[in-house]
Amino acid sequence: MSNEPTDTEPTHDDFTPDPDEVEYPSTLRITSLPAEQAQAAAIKRAEQWEDGESVPHVVNFEDRARLRQLLTDRRMELLETVMEQPPKSIRGLANRLDRDVHDVHDDLHLLAEYNIIHFETDGRAKKPYVPYDTVRIEVEFGLSRGDESESTASV
């Protein structure tokens, strides 16, 4: 094999495995943590993975408002339906949910941008699927308790 440069650069497909080749963890965690906490958690997961432990995939939103914008009630219903009864096509899913096929298409592709929904091509049909057994949504907030003092809130 020659070490000389070639005129062609690798394409996205050269680096992207087929969906059947990817081994997904059983859980997807969608979190809303500040950047520093999310980074620390990612480092911890990487260490666990290196030790051979199973770790979830995580999609983090630093801003809870962005998380709420993505996971609307309709998209949550869509996600739950795809998980419980994987559809044969986007059109079939839209019919099942009694929604416009274009709206369902747009919602699915938005969720796919965040690697929550994936697609399998079957002829001309794109079959949406969720490769996880569980999707866990975690939003954490609270008071800083550095000195273990009591909250100023009263009942």
Stretchable slack from residue 85 to residue 140, in nm (0.36 nm times residue separation minus alpha-carbon distance): 16.8 nm
The range 56-122 - Rg and Dmax from Cα coordinates, angstrom: 12.2, 36
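Within a Cβ distance under 11 Å of residue 112, other residues only, what is the Lys/Arg minus Asp/Glu net charge? Before the final figure, lay out each step's value.
Values: positive: 126; negative: 106, 107, 113.
Taking every other residue near residue 112 into account, the sum is -2.
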So which lysines can residue 88 reach, going by Cα to Cα under 29 Å and dropping same-chain residues fewer than 8 places off? 126, 127
Can you compute the modelled spin-label distance between residue 39 and residue 102, with each label point 7 Å from Cα toward Cβ, in nm? 4.3
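Given a Förster distance of 25 Å, report the FRET efficiency between residue 76 and residue 46 from their Cβ-Cβ distance, rounded to the nearest 0.05. Intermediate values should be presented prior to the final figure.
Working: r = 29 Å, r/R0 = 1.16.
The calculated FRET efficiency here is 0.30.
Provide the net charge surrounding residue 124, with neighbours chosen by a C-beta distance below 13 Å and charges set as Lys +1, Arg +1, Asp -1, Glu -1. Could the numbers behind the result be given before it?
Values: positive: 88, 91, 126, 127; negative: 120, 122.
Within the 13 Å Cβ shell, the charges total +2.
Since every read-out is calculated from the coordinates, none of them should be taken as a lab result. This one's a predicted model, so the numbers in the text were calculated from it and none came from an experiment. Glycine also receives a Cβ, built like all others from the backbone with ideal geometry; neighbour counts cover every protein chain displayed.
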